[in-house]
Amino acid sequence: MRGTPGYLFALIMLVVVAGPVAAQAKRPRLSAAEVVRRVNEYVAPLANHELSGTLLVARGNRILFERSFGFSNYELGVRFTPTTPTNIASLTKPLTEIIVARLSDEKKLSWGDTVSKWLPNYVYGSKMTVTQLINHRAGVPHRLMPESEETQPRTAQEMVEIANKVPLLFQPGASESYSSGGYAILAAVLERAGKQTYDELLQHYVAIPVSAKGIRHVDSRMIVPGRASSVVPTGSGVINASLKDYSFLVGAGSVYTTPHDFFLVVRGLVNGTYGATARDSLMESDGMHWNGEGNGFRTIADWYAADSLTVLYFSNVRLGATDLLRHQIPRIVAGENVRSPVVPQPKAVALSPAAQRRLVGDYDTGGGDINTVTFASPSLMNWGERFLLALDDSTFYSFADYAKVRFPSDSTGAVKGIDWGPGTWAKGDEHLRFPRVRGRP
């Protein structure tokens, strides 16, 4: 059994990326004070129950809005602050790509290098290149180990040894599949090429050039004062997310930092501090749009080229409000009139034991991930790191994106799979579908 389908929600976040702010040139620019007033007005209905983390909004080099919500540690009742170190999940990946670019500029590494040049011990290394690892085209599975083994500290070189035991999903270059496992191998390549640990490379090439004080790759043994711990919503409250040591996601999802320090990185890319190679590699025509999610943490980072707007939100609980912020904050700053957010209020029903048994089982979320449905209570389904609230015997509510999740049946009444409906992640009537897996022990 995997954790929450990280591959699945990597797909979801690739489906919808906040687009350029429309018609900004036709509207007068709001003052900083007016931006603060309007953003505060928008978040007010969400602040008490749907937000837990720090929101930062900036225009150019100037921060217009920075506010924290909720608790960084729910057990101890510690409030979130702008200086709370938070796991940024897959926002780690662009930081890793900056390191690649800087090593390339220094002629210590080439994008076209085979992995075996740097990792002769990796059994598939001769078949793949650095660029294929970056672009998720190397065939490395998203996860390299069972969830039960994701609790121990790991080094990048140890992840390579683990990867040796995991077959590729396809021949390098033949297809594309989102892969945090591939970035762990990439981190090991960078350590060999740069002759430093991943965290040392992170400090030298990413943090120090922009005077960021708190960007760290850490494991569970390290003391990180005030670091956020993640929780999972259940409808009646929250529970602690599974204990994990994120060092197994070295280079992919292991970094802790703050929105303020990540903002310095964004500005470093925009202003050219990291050089043209990094900027060209990471910047699209409309800007830069990244997100991360994992084990309860949820992060967004958007920079819009049209007006140099930056929107960052780092959270320790995955709720649909995150996507509402991502969609609506740019519109608010552009001077548009935005409706007050409405959070669904689903009514749970209790399923019979027979109805629960009909749904329990394994479902294929792609990228080599199989996720198992179980029940925590008659009204609460557990799917990896997520809890889904039962609305009827085939329909559930997802707190993470305010979506309806259905389990359609075939002509015999057997469940065929999962139909994940459009929630805050979708534009229009988009759905994601995941087949049931039969015959697994």
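The values are calculated or read from the model by the stated rules, or taken from the named source; none is laboratory data. Keep in mind that what you see is a predicted model, and the values were worked out from it rather than measured. Because the Cβ atoms are built from the backbone with ideal geometry, glycine has one as well, and the counts that use them run over all protein chains shown. Surface accessibility is based on the protein's heavy atoms, side chains included, excluding ligands, DNA and RNA. Shrake-Rupley method; radii C 1.70, N 1.55, O 1.52, S 1.80 Å.
Evaluate the Kirkwood expression for the hydrodynamic radius of the chain, namely the inverse of the mean inverse distance over all pairs of different C-alpha atoms, and round to one decimal in Å. Hydrodynamic radius (Kirkwood, Cα pairs) of the chain is 22.4 Å. Annotation note: trypsin sites (Lys or Arg not before Pro) in region 218-325 located in DSSP loop regions with a Cβ neighbour count of at most 16 within 10 Å are ARG221. Summary of packing: across the peptides 178-185, 155-162, the per-residue average of other C-beta atoms within 10 Å ranks them, highest first, as 178-185, 155-162.
Here is how the number arises for the chain: DSSP H runs of 4 or more residues each give -39500 (n - 2.57), the sum is divided by the residue count, and the result at 222 nm is -7500 deg cm²/dmol.
Over region 256-386, what is the relative contact order in percent, taking alpha-carbon pairs closer than 8 angstrom and at least six residues apart?
Working: 136 pairs, mean separation 16.7, N = 131.
Relative contact order of region 256-386: 13 percent.
Measuring with a 1.4 Å probe in the full set of protein chains, what accessible area per residue, in whole Å², belongs to the chain? List each step's numbers first, then the result.
Numbers: 17630 Å² over 441 residues.
Dividing the accessible area of the chain by its residue count gives 40 Å².
By the rule of a C-alpha distance below 24 Å, with chain neighbours fewer than 8 residues away ignored, the lysines paired with LYS127 are LYS93, LYS107, LYS108, LYS117, LYS165, LYS195.
With contacts taken as Cα pairs under 8 Å at a separation of at least 6 residues, the chain carries a relative contact order of 21 percent.
For ILE239, the residues 5 or more places off, or on other chains, whose built amide H falls under 5 Å of its own are VAL232, THR234.
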